[in-house]
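Structure first, then comments.
The values are calculated or read from the model by the stated rules, or taken from the named source; none is laboratory data. The structure presented is a predicted model; accordingly, all values stated were derived computationally and were not measured. Note: ideal-geometry Cβ built from the backbone for every residue, glycine included; neighbour counts use all protein chains shown. Quick note on the areas: whole protein, heavy atoms, side chains included, nothing else; ligands and nucleic acids left out. Shrake-Rupley method; radii C 1.70, N 1.55, O 1.52, S 1.80 Å.
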Amino acid sequence: MSLFDAFRRGLQRTATVLHRSIETLFTSTKAWDEDSYKKLEGALVSADIGFPAAKRIAGQLQERYNLGKIKTGADILKSAAAEVAEIAARGNRPLNTAKDGPTVILVVGVNGAGKTTTIGKMAARLKKDGFSVMLGACDTFRAAAIDQLKLWGQRVDVPVIASTHGSDAAATAFDACTAAKARNIDFLIIDTAGRQHTRADLMEELPKLLRVLRKVIPEGPHETLLVVDGSTGTNALHQAREFGAAVGVTGLCVTKLDGAGKGGVVVAIKEENPLPVFFVGLGEQPGDLEPFDAETYSKALFDLD
Ligand SMILES: Nc1nc2c(ncn2[C@@H]2O[C@H](COP(=O)(O)OP(=O)(O)OP(=O)(O)O)[C@@H](O)[C@H]2O)c(=O)[nH]1
Ligand SMILES: [Mg+2]
């Protein structure tokens, strides 16, 4: 299955609704009025792209319509998709890597966003590309977390540095960095406990983890990835803000775009903050992680070919 097909399947329900509502909105011969504007804006909001982006896009399309540059429902769909692709492309870039020594990727996010699974899938991907990978089990908070990461390590055949449940996450990060350096590993990916920003104790753990990590690898982490659940809508926007403030998020991975989610959240986040999206999760298997492509994403979201 191609990336486009996978996206398309995941976003199908939203895409069909969005496509139909925009198309039917403009099949009638009546001129664009305030009602059409509101309906267009509403259709975009319902896809989770967020109110500011929906408002801006609807406004731009209205302007173009009034200038006679777009006329039919098909024109409007294409124009809206082009706007969404432009927003989704903002800030995208390849992963930062270390000039020398291990590239450290720190992975953060709220509970159940898909961090550990994404790490397993990233490890599989990097390994397939010929890199050596090591995982650091710094979720010492949740009881089963270490075993879950170890299982991924076995599954994709990469070493996991772990301590015991309840031990200090920063100390494990120190051990993992030391081991990755000593073994000349290309990528060290560090798992962390899921946390809500309201948990001050857990939020404070992150800056400490950074300080300790930098004692071993001063220029690390080379990326701090926020994993967001693509099916949870605009909550992801708050998460990007909160984790950005606590640890300086440098990029995103959006998971569960294969599910029943609306998927527009990528646009909502990027309208506010043009963070690169590196990967999207399209399932629970090692191969279900794909690099993000703005054009493909936008076409799938609007159900266009
Ligand atoms: N369908 C689907 N399920 C996913 C995807 N990514 C993760 N999951 C599932 O989501 C659930 C939570 O995933 P985890 O990787 O454990 O999430 P986490 O962020 O590490 O969770 P905590 O460590 O508890 O905070 C699991 O059942 C995963 O299999 C995805 O891209 N698609
Ligand atoms: Mg986890």
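Peptide packing for 55-61, 186-192 was compared via the average number of neighbouring C-beta atoms within 10 Å per residue; ordered from the highest value, the list is 186-192, 55-61.
Over region 144-199, what percent of the accessible surface lies on carbon and sulfur atoms, probe 1.4 Å? Before the final figure, lay out the partial values.
On the way: 1310 of 2630 Å².
Carbon and sulfur atoms account for 50 percent of the accessible area of region 144-199.
For the chain, modelled as a Gaussian network with Cα springs under 10 Å, which listed residue fluctuates most, Val254, Val158, Val107? So, out of Val254, Val158, Val107, the one fluctuating most is Val158.
Rounded, prolate or oblate for region 250-305? Axes are the square roots of the Cα gyration tensor eigenvalues, ordered a ≥ b ≥ c, and the cut-off for rounded is a/c under 1.5. Oblate, since a/c reaches 1.5 and b/c is not below a/b.
Judged by the mean number of other Cβ atoms found within 10 Å, the most tightly packed of the peptides 11-20, 292-301, 68-77 leads the ranking 292-301, 11-20, 68-77.
Out of region 78-159, which trypsin sites (Lys or Arg not before Pro) are coil in DSSP terms and have no more than 10 other C-beta atoms within 10 Å? If you can, show how the numbers build up before the last one.
Working: sites: Lys78, Arg90, Lys99, Lys115, Lys121, Arg125, Lys127, Lys128, Arg142, Lys150, Arg155; in loops: Arg90, Lys99, Arg142.
Here the sparse-neighbourhood loop sites are Lys99.
Debye-formula intensities of region 1-92, expressed as log10 I(q)/I(0) at q = 0.19, 0.25 Å⁻¹, are -0.90, -1.42 (one equal scatterer per alpha-carbon, no solvent). Classify region 84-162 as rounded, prolate or oblate, taking a ≥ b ≥ c as the square roots of the eigenvalues of its Cα gyration tensor: rounded when a/c is under 1.5, otherwise prolate if a/b is larger than b/c and oblate if not. Oblate is the answer for region 84-162, as a/c is 1.5 or above yet b/c matches or exceeds a/b.
Averaged over its residues, region 83-130 has an accessible area of 40 Å² per residue, based on protein heavy atoms and a 1.4 Å probe.
May I ask you to order 224-230, 179-185 by the average number of other C-beta atoms within 10 Å around their residues, highest value first? Please report the intermediate quantities before stating the final value.
Details: 224-230: 26.3, 179-185: 16.1.
Top to bottom by mean Cβ count within 10 Å: 224-230, 179-185.
A straight line joining the Cα centroids of region 186-202 and region 51-105 runs 30 Å.
In debye, nearest 20, what is the charge dipole magnitude of the chain about its Cα centre with +1 on Lys and Arg Cβ and -1 on Asp and Glu Cβ, if you could check?
Numbers: 37 positive and 37 negative charges, 22 e Å.
The calculation lands at about 100 debye.
Tell me whether the chain comes out rounded, prolate or oblate; compute the Cα gyration tensor, take square roots of the eigenvalues as a ≥ b ≥ c, and use a/c under 1.5 as the rounded threshold. Prolate, since a/c reaches 1.5 and a/b exceeds b/c.
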